[in-house]
Amino acid sequence: MRKKKIWLSFIFLLLAVLLAVMIVLFLGIRKATQYTKYVSLGDRYLQEMQYEDAIIAYKDAIHIDEKRAGGYLRVSTVYETTGDYDQAGTVLLDGYEKAKGKDKIQERLVVIYPAVSEEIQVKIKETIDEDALNEPEENSSEQAEDQTEETDYTVAYEEILAEYKEAAENNFSSEILEQSRHINGGVWNFSGQEKYSVYYRYVDLAGDGEPELLISVNEKEAPYEILDIYTLVNGSAVRVIPSGGSVGYRELYSVCFDGRIKNLSGGGVNHTEYTYYKLGANSADLTMDEKYVYDSSANPAYIHIDNSGNETAISESDFDEMTVRNALTV
């Protein structure tokens, strides 16, 4: 009788342990699902330039799992997009204290350090490895400084910029857009709207000494996403990214500090793709360098594709962190 009671106690204990494990697993899966939901929602808001809603969604993700760096990096991206570098720094500092991916957060803090106020600079110095801030301008070399001198490439791009400037001065009216030869079809998304302006910048993406022309149509003081890129091929200006109504809406382009072109596209919160391209010298052809794909209906849901087409399953946290890349402000 005593042995029977011992066995029953053991069985009840084992069942209790199994139940506890199942509850922990269930809560963990639910937590990860909720986190992904809000990150994907924030990405969609960011695509649609609904910056306040994007911040709310990303902060909801952080509230669910404050140990993951991706949420902080994404909130920082939105603040940088709107030019609020102090808020970006504050969020990153908070993430540096709480999240696991400190290296990526430190990289972003180093990048925005020159743009924040003295008060935030002091906090950054007190928080991260100060040697990272004193490294010999590696970050500025990655950012491919603006080429501002009047050279032949400015002449080659002159007609393109003239069309964009005229369109902006006329609130991107349909009459102007219909007559244009060089304006990307994605500009039709801004037709008739007064709050948008044209920004441009010369950056040598291919590393061949011939700067590319980056053009952004965005809200004032928030130039970030790229609507057009032109390069020089045998001295003539040639468009690099596609032209169409999805550009600036469903197809978002930006340029990373390492010179790669990033494309964010997707079919809603359940399917998102981040593709990174390299531009070759004296060419308008883009070469896919790597891609990150999230598909909620697939197994695995998160994959990385290298430049040879090899697919590798990755974790949700790796996807979350690797798809947040610093982008040049145009």
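The values are calculated or read from the model by the stated rules, or taken from the named source; none is laboratory data. Predicted, not measured: the structure shown is a model, and the values here were computed from it. Here the Cβ positions follow ideal geometry from the backbone for every residue, glycine too, while neighbour counts run over all protein chains shown.
Observations on the structure shown:
- Of the helices (runs of 4 or more DSSP H) lying entirely inside region 1-104, those carrying at least 3 residues that are at pLDDT 90 or above, farther than 17 Å from Leu252 by Cβ and outside the structural domain of Tyr274 (by TED's automatic domain parsing) are 51-64, 85-98.
The rows are residues; the columns are (1) modelled with pLDDT under 85; (2) under 14 Å from the mean Cα position of the chain (by Cα); (3) within 19 Å of Arg44 (Cβ to Cβ); (4) assigned by TED's automatic domain parsing to the domain that holds Ala69.
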position: Asn282; (1), (2), (3), (4): no, no, no, no
position: Leu286; (1), (2), (3), (4): no, no, no, no
position: Asp289; (1), (2), (3), (4): no, no, no, no
position: Pro300; (1), (2), (3), (4): no, no, no, no
position: His304; (1), (2), (3), (4): no, no, no, no
position: Asn310; (1), (2), (3), (4): no, no, no, no
position: Ala313; (1), (2), (3), (4): no, no, no, no
position: Ser317; (1), (2), (3), (4): yes, no, no, no
position: Ala327; (1), (2), (3), (4): yes, yes, yes, no
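- Options Tyr274, Tyr224; residue that is among the hydroxyl-bearing types (Ser, Thr, Tyr), modelled with pLDDT of 85 or more and crowded, with 20+ Cβ neighbours inside 10 Å: Tyr274
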